[in-house]
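Please treat every number below as a calculation from the coordinates, not as lab data. Values in this document were obtained by computation on a predicted structure and should not be read as measured data. Glycine gets a Cβ as well: all are built from the backbone with ideal geometry, and neighbour counts include every protein chain shown.
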Amino acid sequence: PFILSFGSMAALLAGCAAAPNIWSLLILRFIAGALGSAPLTNAGGVISDMFPARHRGLALSLFAAGPFMGPTLGPTIGGFIGMNAGWRWVEGFLATLTGLFLVIMACFVPETYAPVLLHRRAKRLSKMTGKVYRTQLEQEGENTPSLTHAIIHSLSRPWVLLFREPIVFILSIYIAFIYGTLFMMFAAFPIVYQEGRGWNQGVGGLAFMGILVGMFLAILYTVFDNKRYLRAVDRHGRFAPPECRFPPVLLASICVPVGLFWFAWTNYPSIYWLASVAAGVPFGFGLILIYLGTINYLVDSYTIYAASVLAANTVMRSTFGAIFPLFTTYMYDALGIHWASSVTAFLTAACLPFPFIFYRYGHRIREKCKYAAESKAYMEKIQQSVRDEDE
């Protein structure tokens, strides 16, 4: 899926660079986004396959650098390219970058899905020995669903988890709202800095550097916080409960509304620009920590359904990211730059109790959720087998 996704996206972005009109550009970008979404929806499952829970937090923190730092670097790089070379070169730059990552991934990223690896091993042993080796899944072939059933099941499971599991729904909405706020800045910053202060397109993109600094600080924080998590793992006999992922989220849930209120009331043209740009630091810091903490929590809570849960989360997050910029200009025209910026600050402040509730009562909530309970029972069997082997 990754090779097909990257290859298709690179080709379609190259087509965008040569688009003759706005309609062909919109259609090509839509298809490019749809076909290029596989890394966003499946990368969490790959990380879950490759790293045990003990080290998964650090791996996810590096993974988060892409989806979140990209939107902050994009306006800066794209602003200068578009201003000096035109929008077609922006699309061409993206096509080239996507093609480069396609080559890197094809050369260095192996298959990680356990059933596929076992099937390949069985096939290799059969070829080497002349005997027939089959995996346990193949031996249970009478229970194997058809390809059509498997596709339908794979496509429907993320939606089932999203709307039937309160944990998935609430945390996905929470992340999606903050992610949408980040994308709202794409329309808000030009209003505040280009229209309000007279900055050009390239310099206006530099206003995102405050958010970028906050994101870097958050990633550094996760390196130090990982030591706390490792101590929790040791305390719980190598298998820490998912709620141990939440302490950074508690801090981050406070930082986000603080940063948004700070930006809302320091973005007067008469106030030095650094005051409002610096407000992006706590926002970017909180954004990354909330994402990492909640994603790790979801992966730990739904280990056997991790890819589906992350797919549901990604769809919700991307939907909010697409919708928020559409009404931002109208909201800022109606409310002004201060109160319009305060709207999301008030709403994120209203969401502040959610992380504390899950931190305190998450274990009880998981027991009442069907898929979370199934995942917990499955993991308890694995943990018990590991303990038996140690003994």
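Highest first, please rank the peptides 276-287, 210-221 by the mean number of other Cβ atoms sitting within 10 Å of their residues. Can you show the working numbers first?
On the way: 276-287: 25.2, 210-221: 20.2.
Most protected by this proxy first, the peptides run 276-287, 210-221.
Please arrange Ile31, Ile271 by counting, for each residue, the other beta carbons lying within 10 Å of its beta carbon, fewest first.
On the way: Ile31 15, Ile271 11.
Final ranking by Cβ density, sparse to dense: Ile271, Ile31.
Go ahead and estimate [θ] at 222 nm for the chain from helices alone: -39,500 (n - 2.57) per DSSP H run with n ≥ 4, summed, over the residue count, rounded to 500.
-28000 deg cm²/dmol
Given that compact globular proteins tend to follow 2.2 N^0.38 Å, what is the ratio of the alpha-carbon Rg of region 165-247 to that value? Kindly include the intermediate steps, with their values, before the conclusion.
Numbers: Rg = 18.8 Å, N = 83, 2.2 N^0.38 = 11.8 Å.
Here the answer is 1.60, to two decimals.
So what's region 326-387 giving for Cα Rg divided by 2.2 N^0.38 Å, two decimals?
Details: Rg = 20.8 Å, N = 62, 2.2 N^0.38 = 10.6 Å.
Rounded to two decimals, the normalised Rg is 1.97.
Of the residues Val315, Val258, Val203, which exhibits the maximal mean-square fluctuation in a Gaussian network model of the chain defined by a 10 Å Cα contact cut-off?
Evaluated over the chain, the most mobile residue of the options is Val203.
List the lysines whose Cα lies under 25 Å from the Cα of Lys368, skipping any in the same chain that are fewer than 8 positions away.
Lys376, Lys381
Restricting things to alpha carbons, tell me how big the chain is in terms of Rg and Dmax, in Å.
When restricted to the Cα atoms of the chain, Rg and Dmax are 22.9, 81 Å.
Spin-label point model (7 Å from Cα, Cβ direction): what's the Thr129 to Arg364 distance in nm?
5.3
Helix 53-85 versus the longest principal axis of the chain: what is the Cα-based angle in degrees, 0 to 90, to the nearest 10?
Around 30 degrees separate the two axes.
Does anyone have the angle between helix 166-189 and the longest principal axis of the chain? Alpha-carbon axes, 0 to 90°, nearest 10?
Relative to the chain, helix 166-189 is tipped by roughly 30 degrees.
Evaluate the relative contact order of region 1-107 (contact order divided by residue number), counting alpha-carbon pairs under 8 angstrom at least 6 apart; express in whole percent. If you can, show how the numbers build up before the last one.
Values: 80 pairs, mean separation 48.1, N = 107.
Relative contact order of region 1-107: 45 percent.
In nm, to one decimal, how far is the Gln201 label point from the Met105 one, both placed 7 Å along Cα→Cβ?
2.8
Can you work out the FRET efficiency for the pair Leu26 and Asp333, with r the C-beta to C-beta distance and R0 = 22 Å, to the nearest 0.05?
Values: r = 24 Å, r/R0 = 1.09.
Given R0 = 22 Å and the Cβ-Cβ separation, E is 0.35.
Can you list, largest first and rounded to whole Å, the semi-axes you get for region 1-102 by taking the square root of 5 times each eigenvalue of its Cα gyration tensor? Numbers along the way, then the final one.
Numbers: eigenvalues 167, 54, 19 Å².
They are 29, 16, 10 Å, listed from largest to smallest.
Run through all the Cα pairs of region 205-326 and give the fraction in each 5 Å bin from 0, expressed as whole percent.
Whole-percent P(r) values from 0 Å outward: 2, 11, 16, 18, 19, 14, 9, 6, 3, 1, 0, 0.
Could you tell me how many degrees, from 0 to 90 and to the nearest 10, lie between the Cα long axis of helix 147-164 and the main elongation axis, the longest principal axis, of the Cα atoms of the chain?
It works out to around 60 degrees.
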